[in-house]
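No value in this document is a laboratory result; all are computed from the given coordinates. Quick caveat: nothing in here was measured; it's all calculated off a predicted structure. Ideal geometry is used to build each Cβ from the backbone, glycine not excepted, and the neighbour counts take in all protein chains shown.
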Amino acid sequence: MVRSSVAWLRRASLWQRLALLLLPALIAVTGIELWRTRHDALASANAAYDRSLLGALKSIDANISTASGGLSVELPYTMFEFFELTASGQVFFRVATSDGLVELGSADLPAPPASLALGVPAFYDAEYFGEAVRLAAYRRELDRAPAGSAGRSVLIQVGESTRSRQEFSTRFVRSAALRDALVLALLVFGTGAALAAALRPLSRLAREVEARKPDDLTRIADTDLPADVRPLVAAVNRQMSRTQDLVAQQRQFLDDASHQLRTHLTTLQMQADYAQRQHDPLQVRAALDALGTEIGRATRSAQQLLALGRSDTVAVAPAAFELSGLLREVAVDLLPQARAKRIDLGIQAPDDAAGHAHVELVAVADRALLREALTNLVANAIAYTPAEGTITVFAAGDAAGWSLNVEDDGPGLGEEERAQLGQRFRRGARAGKGGFGLGLAIARSIAQRHGGELRLEAREGGSGLHAIIWWPKPGTA
């Protein structure tokens, strides 16, 4: 149940979320305000009615006399009649000496809950004949004890029904409830109108985006938008810019790939037509050999195009692995090509950050992608290194990241050419017919997917090229 509620809240619109947050708060505030209103109404009613009780109490006290030897009271009937009208019920009184031998009025009125201090009136609630009453009690000294009693003090009590003050409080609270309900309705309506006005730019933005064509990746205008929405629009614009770059890159890739494949197919068609026109078996054999060579080149080109597309789109899955094992795999795979040119293809043991050789260097990256990149670098080195040359493959690591290195003693590249190579279908000046300008582009794309880069440097201590794939450690990029 809780999980489904959380899931609904996550899918809820801004209107629903704000209603869920604001309405309970508004209702709670209104309830607290009503409770306080009722409390204040009761306090105000008690204060007003208690003043009337105190007035009646003092009127009775002023008319108590012991001059005749007994206890006499001249009751203010006019005040009692007015008091009964305002109390909407019967009024009770009692006058009694401290020993209880002399009493006037209702003798069974509820006694005060605590002893009274002389000269200090007290108010309390009680029940009298099944009806809630409010009483005021007052005790004072007598000038002399009345006849038949030894009491020197007199207790005066005046009570009234609480029906009138309860009706007054009920009317007051009902009026306050209607007022607060109206205020709550106005608050809800006003909040809704304010939210509608505040969210109108979002609705307009949604309509504008909805009306766009599928291929429209232009920036979204952030003018006339609230400041809170502009960061979101800016993030969407950045993502659209990246998507636009990716689409342009894919479009360029398709154009280049289609051109490359059309070239191979045209060459194959021309060679096949040439072979069909030949009658000399030697010429036919030569044409078939040329067809085989071109098919090999087309196969290699297609493989590199697929590898380039994969390096651009496949999700990078980093994992820990030993770099020495990767070096050995690539070297073993390409060793036959190196031997065919009598090239010394060797592996140098990885160095750690302190320069200690013969250590197991563990890196974190997508091993399959790096294997593809390293294979292309070593294949390029074999293609451009003269016979009986030397190629050294090694890895290194430090506190910032790791690197895969391919170093050869071939003719090398000039500084300007090194800066340009690595772009797709960009071939070096010394490239032969077998190159397509994709090997370095694949290596660079894979390095960039890992947050790193491809570096082409001149080999130290002589001619040659030093190709480096470097990528950072997680958290240091």
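Side notes on the structure shown:
- Segment A317-S115, extension gain: residue separation times 0.36 nm, minus the distance between their alpha carbons: 64.1 nm
- Summed residue charge, Cβ within 10 Å of E407's Cβ, Lys/Arg positive, Asp/Glu negative: -3
- Cross-link reach list, aspartates and glutamates versus K341, counting only Cα pairs under 17 Å and skipping chain neighbours closer than eight places: D333, E388, E407, D408, D409
- The L291 and R328 beta-carbon pair, evaluated with R₀ = 35 Å, returns a calculated FRET efficiency of approximately 0.45.
- On the beta carbon distance between R38 and Y128, with R0 = 22 Å, the FRET formula returns roughly 0.35.
- Straightening the chain between R174 and A235 buys 16.6 nm, computed as 0.36 nm per residue apart minus the Cα-Cα spacing.
- Straight-distance crosslink candidates among aspartates and glutamates, where the alpha carbon sits under 12 Å from K473 and sequence neighbours closer than 8 are dropped: D398
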